[in-house]
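Each remark here refers to the structure printed beneath this line.
The values are calculated or read from the model by the stated rules, or taken from the named source; none is laboratory data. Everything numeric in this text was worked out from a predicted model, so none of it was measured. Methodologically, a virtual Cβ is constructed for each residue, glycine included, from the backbone with ideal geometry; neighbour enumeration extends over all protein chains shown.
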(Lines give C-alpha, C1' and ligand atoms only; values in the text may rest on other atoms or scores of the structure.)
Protein backbone atom coordinates (compact mmCIF):
# COMPACT_ATOMS: atom_id res chain seq x y z
CA UNK A 1 0.00 0.00 0.00
CA UNK A 2 1.44 3.35 -1.03
CA UNK A 3 1.78 6.31 1.23
CA UNK A 4 -1.24 8.52 0.73
CA UNK A 5 -1.38 12.11 1.92
CA UNK A 6 -4.67 12.76 3.70
CA UNK A 7 -6.40 15.90 4.82
CA UNK A 8 -9.45 16.23 7.02
CA UNK A 9 -11.04 19.64 6.86
CA UNK A 10 -12.72 21.34 9.76
CA UNK A 11 -15.89 23.43 9.75
CA UNK A 12 -18.81 23.51 7.36
CA UNK A 13 -21.12 20.76 6.17
CA UNK A 14 -19.45 17.70 4.68
CA UNK A 15 -19.99 17.55 0.90
CA UNK A 16 -17.94 14.38 0.42
CA UNK A 17 -14.46 13.00 -0.19
CA UNK A 18 -12.06 13.78 -3.01
CA UNK A 19 -9.18 11.54 -4.06
CA UNK A 20 -6.45 12.64 -6.48
CA UNK A 21 -4.60 10.51 -9.05
CA UNK A 22 -1.65 11.31 -11.25
CA UNK A 23 -2.33 8.94 -14.17
CA UNK A 24 -5.23 7.66 -16.25
CA UNK A 25 -4.76 3.94 -15.59
CA UNK A 26 -5.06 4.36 -11.83
CA UNK A 27 -8.15 6.53 -12.32
CA UNK A 28 -9.84 3.89 -14.51
CA UNK A 29 -9.09 1.11 -12.01
CA UNK A 30 -10.34 3.29 -9.15
CA UNK A 31 -13.54 4.17 -11.04
CA UNK A 32 -14.27 0.47 -11.48
CA UNK A 33 -13.72 -0.12 -7.75
CA UNK A 34 -16.09 2.70 -6.77
CA UNK A 35 -18.69 1.45 -9.26
CA UNK A 36 -18.39 -2.12 -7.98
CA UNK A 37 -18.72 -0.88 -4.39
CA UNK A 38 -22.22 0.33 -5.32
CA UNK A 39 -21.87 4.09 -4.96
CA UNK A 40 -24.30 6.12 -7.08
CA UNK A 41 -23.48 9.76 -6.26
CA UNK A 42 -19.91 10.10 -7.37
CA UNK A 43 -18.01 11.49 -10.32
CA UNK A 44 -14.63 11.42 -12.04
CA UNK A 45 -12.93 14.67 -13.04
CA UNK A 46 -10.29 14.79 -15.77
CA UNK A 47 -8.48 17.51 -17.76
CA UNK A 48 -9.32 15.75 -21.05
CA UNK A 49 -11.63 13.04 -22.38
CA UNK A 50 -10.60 9.60 -21.14
CA UNK A 51 -11.69 6.74 -23.37
CA UNK A 52 -13.33 3.95 -21.40
CA UNK A 53 -14.16 6.11 -18.38
CA UNK A 54 -17.92 5.94 -19.02
CA UNK A 55 -17.77 2.15 -19.01
CA UNK A 56 -15.58 2.08 -15.91
CA UNK A 57 -18.06 4.35 -14.13
CA UNK A 58 -21.10 2.40 -15.32
CA UNK A 59 -22.71 5.47 -16.87
CA UNK A 60 -26.12 4.67 -18.35
CA UNK A 61 -27.28 5.95 -21.71
CA UNK A 62 -29.09 9.26 -21.62
CA UNK A 63 -32.76 9.80 -22.41
CA UNK A 64 -31.96 13.06 -24.17
CA UNK A 65 -32.37 11.65 -27.73
CA UNK A 66 -36.01 10.85 -26.97
CA UNK A 67 -36.56 14.43 -25.81
CA UNK A 68 -34.87 15.80 -28.95
CA UNK A 69 -36.99 13.55 -31.18
CA UNK A 70 -40.21 14.61 -29.40
CA UNK A 71 -39.18 18.26 -29.68
CA UNK A 72 -38.54 17.86 -33.41
CA UNK A 73 -41.92 16.21 -33.93
CA UNK A 74 -43.54 19.05 -32.01
CA UNK A 75 -41.82 21.54 -34.31
CA UNK A 76 -43.03 19.68 -37.39
CA UNK A 77 -46.60 19.52 -36.07
CA UNK A 78 -46.58 23.21 -35.12
CA UNK A 79 -45.33 24.22 -38.57
CA UNK A 80 -47.91 22.08 -40.35
CA UNK A 81 -50.75 23.29 -38.13
CA UNK A 82 -49.71 26.95 -38.46
CA UNK A 83 -49.52 26.79 -42.25
CA UNK A 84 -52.78 24.87 -42.59
CA UNK A 85 -54.57 27.34 -40.32
CA UNK A 86 -53.24 30.46 -42.02
CA UNK A 87 -53.50 29.23 -45.64
CA UNK A 88 -56.55 26.96 -45.72
CA UNK A 89 -58.72 28.18 -42.87
CA UNK A 90 -58.00 31.73 -41.70
CA UNK A 91 -57.22 33.40 -45.01
CA UNK A 92 -57.74 31.08 -48.00
CA UNK A 93 -56.35 32.72 -51.10
CA UNK A 94 -56.70 30.86 -54.39
CA UNK A 95 -53.92 31.60 -56.89
CA UNK A 96 -54.16 30.16 -60.42
CA UNK A 97 -56.47 27.39 -59.24
CA UNK A 98 -53.88 25.85 -56.91
CA UNK A 99 -55.14 24.18 -53.71
CA UNK A 100 -55.28 26.38 -50.61
CA UNK A 101 -53.26 23.82 -48.65
CA UNK A 102 -50.32 22.24 -50.46
CA UNK A 103 -47.82 20.11 -48.57
CA UNK A 104 -44.83 20.62 -50.92
CA UNK A 105 -44.95 24.36 -50.33
CA UNK A 106 -44.96 23.81 -46.56
CA UNK A 107 -41.90 21.54 -46.35
CA UNK A 108 -39.23 24.28 -45.92
CA UNK A 109 -41.03 25.81 -42.94
CA UNK A 110 -41.67 22.36 -41.44
CA UNK A 111 -37.97 21.50 -41.80
CA UNK A 112 -36.84 24.74 -40.18
CA UNK A 113 -39.20 24.46 -37.21
CA UNK A 114 -38.24 20.81 -36.72
CA UNK A 115 -34.58 21.81 -36.42
CA UNK A 116 -35.36 24.82 -34.23
CA UNK A 117 -37.53 22.91 -31.75
CA UNK A 118 -35.07 19.99 -31.63
CA UNK A 119 -32.19 22.37 -30.91
CA UNK A 120 -34.10 24.09 -28.12
CA UNK A 121 -35.20 20.73 -26.73
CA UNK A 122 -31.63 19.42 -26.66
CA UNK A 123 -30.26 22.59 -25.05
CA UNK A 124 -32.93 22.83 -22.36
CA UNK A 125 -32.92 19.07 -21.76
CA UNK A 126 -29.15 19.06 -21.30
CA UNK A 127 -29.30 22.02 -18.91
CA UNK A 128 -32.02 20.38 -16.79
CA UNK A 129 -30.37 16.93 -16.82
CA UNK A 130 -27.05 18.39 -15.68
CA UNK A 131 -28.54 20.72 -13.08
CA UNK A 132 -27.19 23.79 -14.83
CA UNK A 133 -26.57 26.64 -14.47
CA UNK A 134 -24.69 25.97 -11.27
CA UNK A 135 -22.81 29.05 -10.15
CA UNK A 136 -21.15 27.38 -7.13
CA UNK A 137 -19.86 23.90 -6.47
CA UNK A 138 -18.25 22.74 -3.22
CA UNK A 139 -15.34 21.07 -5.08
CA UNK A 140 -14.14 24.51 -6.12
CA UNK A 141 -13.11 25.16 -2.52
CA UNK A 142 -10.32 22.58 -2.84
CA UNK A 143 -6.94 24.03 -3.78
CA UNK A 144 -5.77 20.72 -5.24
CA UNK A 145 -8.91 20.36 -7.39
CA UNK A 146 -7.80 23.35 -9.47
CA UNK A 147 -5.36 21.00 -11.18
CA UNK A 148 -8.30 18.98 -12.59
CA UNK A 149 -8.16 21.23 -15.65
CA UNK A 150 -4.40 20.87 -16.00
CA UNK A 151 -2.75 17.55 -15.19
CA UNK A 152 -4.53 15.70 -12.39
CA UNK A 153 -7.42 13.24 -12.17
CA UNK A 154 -9.97 13.10 -9.35
CA UNK A 155 -12.84 11.01 -8.03
CA UNK A 156 -15.34 12.58 -5.68
CA UNK A 157 -17.94 10.72 -3.63
CA UNK A 158 -20.78 12.77 -2.22
CA UNK A 159 -21.87 12.48 1.40
CA UNK A 160 -25.48 12.33 0.15
CA UNK A 161 -24.83 8.88 -1.38
CA UNK A 162 -26.94 6.19 0.32
CA UNK A 163 -23.85 4.01 0.90
CA UNK A 164 -21.71 6.85 2.26
CA UNK A 165 -20.25 6.06 5.66
CA UNK A 166 -17.45 8.31 6.92
CA UNK A 167 -15.20 5.44 7.98
CA UNK A 168 -15.86 2.86 5.27
CA UNK A 169 -15.87 5.40 2.44
CA UNK A 170 -12.58 6.87 3.69
CA UNK A 171 -11.07 3.37 3.75
CA UNK A 172 -12.27 2.76 0.20
CA UNK A 173 -10.67 6.04 -0.89
CA UNK A 174 -7.37 4.91 0.65
CA UNK A 175 -7.57 1.58 -1.23
CA UNK A 176 -8.03 3.30 -4.61
CA UNK A 177 -4.33 4.10 -4.98
CA UNK A 178 -4.59 7.88 -5.05
CA UNK A 179 -1.87 10.29 -4.03
CA UNK A 180 -4.06 12.57 -1.89
CA UNK A 181 -7.44 12.30 -0.15
CA UNK A 182 -9.36 15.14 1.39
CA UNK A 183 -12.72 16.00 2.85
CA UNK A 184 -14.64 18.63 0.95
CA UNK A 185 -16.91 20.90 2.93
CA UNK A 186 -19.41 23.50 1.82
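Just one of the listed residues (109, 68, 50, 94) is part of a loop (DSSP other than H, G, I, E, B) and outside the structural domain of residue 177 (by TED's automatic domain parsing), namely 94.
Would you call residue 178 on the phi > 0 side of the Ramachandran plot and modelled with pLDDT under 95? Spelling it out, it is not the case that residue 178 is on the phi > 0 side of the Ramachandran plot and modelled with pLDDT under 95. All conditions in (1) surrounded by 13 or more Cβ atoms within 10 Å (Cβ to Cβ); (2) more than 24 Å from the chain's Cα centre (by Cα); (3) farther than 30 Å from residue 74 by Cβ hold for residue 138, with the sole exception of (2). As for segment 81-101, it holds at least one residue that is surrounded by fewer than 16 Cβ atoms within 10 Å (Cβ to Cβ), without any contact (Cβ under 8 Å) to a residue 12 or more places away in the chain and at positive phi. For segment 12-29, a tally of residues being in contact with a helix residue (DSSP H, G or I) (Cβ under 6 Å, 6 or more places away or on another chain), surrounded by fewer than 22 Cβ atoms within 10 Å (Cβ to Cβ) and in contact (Cβ under 8 Å) with a residue 40 or more places away in the chain returns 1.
Results for (1) within 23 Å of residue 122 (Cα to Cα); (2) in contact with a strand residue (DSSP E or B) (Cβ under 8 Å, 6 or more places away or on another chain), shown as yes or no for each residue.
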{"position": "21", "(1), (2)": "no, yes"}
{"position": "28", "(1), (2)": "no, no"}
{"position": "36", "(1), (2)": "no, no"}
{"position": "40", "(1), (2)": "no, no"}
{"position": "46", "(1), (2)": "no, yes"}
{"position": "67", "(1), (2)": "yes, no"}
{"position": "74", "(1), (2)": "yes, no"}
{"position": "90", "(1), (2)": "no, no"}
